[in-house]
């Protein structure tokens, strides 16, 4: 097609992207013989064939999906999940799947990796997929992150005691979980976590992610303070010590814990009646009522309703040491007479409209933070190194609970940091880092004397 500059801005959709031509400052060009009008950038910059992590096949740019002989209704954009107008240009599956994406959505910098694939041969999947385990027999595996054999146990396992957790996702083991358990020690993996794929394509990132059974990068908590043996998830911003998926592209530091990495692009969450989608948009989290809940959110397209991944990933079941039953997560109640409960731990009011944990048999209620602590996914009995100084993460189950040796407040969280050589406790990473700095200064002062 031969294009010429259109001298005026008109309120018509661009034939290439569907966005109105009078929006923005880009020039408009038209081909009169083809009855085609579009933005200059759409004509010159839109790639022909691309691959995004939200779909298994490549996508090609097509001027229209409309066909009188086929059903072209019901297309929702694979990125923003809003309707796709089939009369204008969009990206659709090259294999013929019922899948389409708005042109502007498909070419976002956080969705597309910038590679034009027209004329590029599609790589075939390799037959020999590298797995993180070796299968010994039908019920036994040897996982790369553990030296002993792991035995499969089906549903209704007998290892649930409120303290055992999966080493990959760091969620507590419940009775109904299918597990791989060590035959010699307490190492446990959920069946799904033990069989996690080595590589995945995740909707929250434009590059493939590779599974690592332990953190490999140093985690920077503040200027010149590095932690080894811990990482922060790029999805929910929660610190963790379990398995992680990490981008291996040069210069890219995107990483997800296995909980966020296992999220499907759309699903039903217990807190809302409509399907929620992994979104690149941000809004006020309906649980914590802030815009800073986490880097990524779940979105309900029907309600314009957002839930941050940090809140969305709270475990559905938890345990309280003074209740022999599992506690379930309640997403707030409406219409209760008193409008409030009583938290068994902090002994303060618990408003029924907020999320809380409760025992459906005993009626026990607890604040989420009181029960889980601020660091929900730290691993007890795990060793980290803060600027090469050894620090242990231990359970805070002593009576009485220790005082922090830096801020001198009582350590009330479920886990504490312990420096064994000096027998000192700290309530947070920040306190431990300041304590280590103080000890270092004291040693230097003693050396000067």
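What to note about this one:
- Scope the range 3-26; condition outside any strand (DSSP E or B), within 24 Å of residue 84 (Cα to Cα) and free of Cβ contacts under 8 Å to residues at least 60 places away in the same chain; matching residues: 9, 10, 11, 12, 21, 22, 23, 24, 25, 26
- Taking the conditions (1) touching a residue at least 12 places away in the same chain (Cβ under 8 Å); (2) closer than 30 Å to residue 145 by Cβ; (3) touching a strand residue (DSSP E or B) at 6+ places or on another chain (Cβ under 9 Å) in turn, residue 267 satisfies each one other than (1).
- The residues listed here are 413, 392; of these, the one that is assigned to a loop (DSSP other than H, G, I, E, B), surrounded by 14 or more Cβ atoms within 10 Å (Cβ to Cβ) and not assigned by TED's automatic domain parsing to the domain that holds residue 328 is 413.
- Scanning the range 214-238 for residues that are under 25 Å from residue 278 (Cα atoms), touching a residue at least 24 places away in the same chain (Cβ under 8 Å) and surrounded by fewer than 20 Cβ atoms within 10 Å (Cβ to Cβ) returns a single hit, 237.
- Counted residues, the range 420-444 - those being part of a helix (DSSP H, G or I) and either in the same structural domain as residue 225 (by TED's automatic domain parsing) or in contact (Cβ under 8 Å) with a residue 24 or more places away in the chain (or both): 9
- Boolean, residue 92 is under 30 Å from residue 210 (Cα atoms), at pLDDT below 95 and not assigned by TED's automatic domain parsing to the domain that holds residue 204: yes
- Selection from the range 134-162 of residues that are at pLDDT 80 or above and assigned to a loop (DSSP other than H, G, I, E, B): 138, 139, 144, 145, 146, 147, 148
- Output for the range 347-376, where each listed residue is over 23 Å from the mean Cα position of the chain (by Cα) and surrounded by fewer than 16 Cβ atoms within 10 Å (Cβ to Cβ): 347, 348, 349, 351, 353, 360, 361, 362, 363
- Hey, residue 96 within 36 Å of the chain's Cα centre (by Cα) and farther than 29 Å from residue 266 by Cα or not: no
- The range 114-128, residues that are at pLDDT below 90 and within 21 Å of residue 41 (Cβ to Cβ): none
- Any strands (runs of 3 or more DSSP E) falling wholly within the range 196-253 and containing at least 3 residues that are over 17 Å from the mean Cα position of the chain (by Cα): 219-222, 225-228
- Matching entry among 214, 187 (being out of contact with any strand residue (DSSP E or B) (no Cβ under 6 Å at 6 or more places or on another chain), modelled with pLDDT of 90 or more and within 20 Å of residue 142 (Cβ to Cβ)): 187
- Selected residue [touching a strand residue (DSSP E or B) at 6+ places or on another chain (Cβ under 8 Å), at pLDDT below 90 and surrounded by 11 or more Cβ atoms within 10 Å (Cβ to Cβ)] from 86, 101, 79, 111: 86
- Counting the residues of the range 198-213 that are surrounded by 15 or more Cβ atoms within 10 Å (Cβ to Cβ) and closer than 30 Å to residue 181 by Cα gives 9.
- Flag if residue 180 is in contact with a helix residue (DSSP H, G or I) (Cβ under 8 Å, 6 or more places away or on another chain) and either modelled with pLDDT under 90 or within 30 Å of residue 395 (Cα to Cα) (or both): yes
- Whichever residue in the range 28-56 is modelled with pLDDT of 90 or more and part of a loop (DSSP other than H, G, I, E, B) and, among such residues, is surrounded by the fewest Cβ atoms within 10 Å (Cβ to Cβ): 56
- Some residue of the range 347-359 being touching a helix residue (DSSP H, G or I) at 6+ places or on another chain (Cβ under 6 Å) and within 26 Å of residue 173 (Cβ to Cβ): yes
- All conditions in (1) over 22 Å from residue 230 (Cβ atoms); (2) at pLDDT below 95; (3) in contact with a strand residue (DSSP E or B) (Cβ under 7 Å, 6 or more places away or on another chain) hold for residue 347, with the sole exception of (3).
- Condition met for residue 7 (surrounded by 15 or more Cβ atoms within 10 Å (Cβ to Cβ) and out of contact with any strand residue (DSSP E or B) (no Cβ under 6 Å at 6 or more places or on another chain)): no
The values are calculated or read from the model by the stated rules, or taken from the named source; none is laboratory data. Worth saying up front: this structure is predicted, and the values here are computed from it rather than measured. A quick note on method: Cβ atoms are made from the backbone with ideal geometry, for glycine too, and the neighbour counts reach across all protein chains shown.
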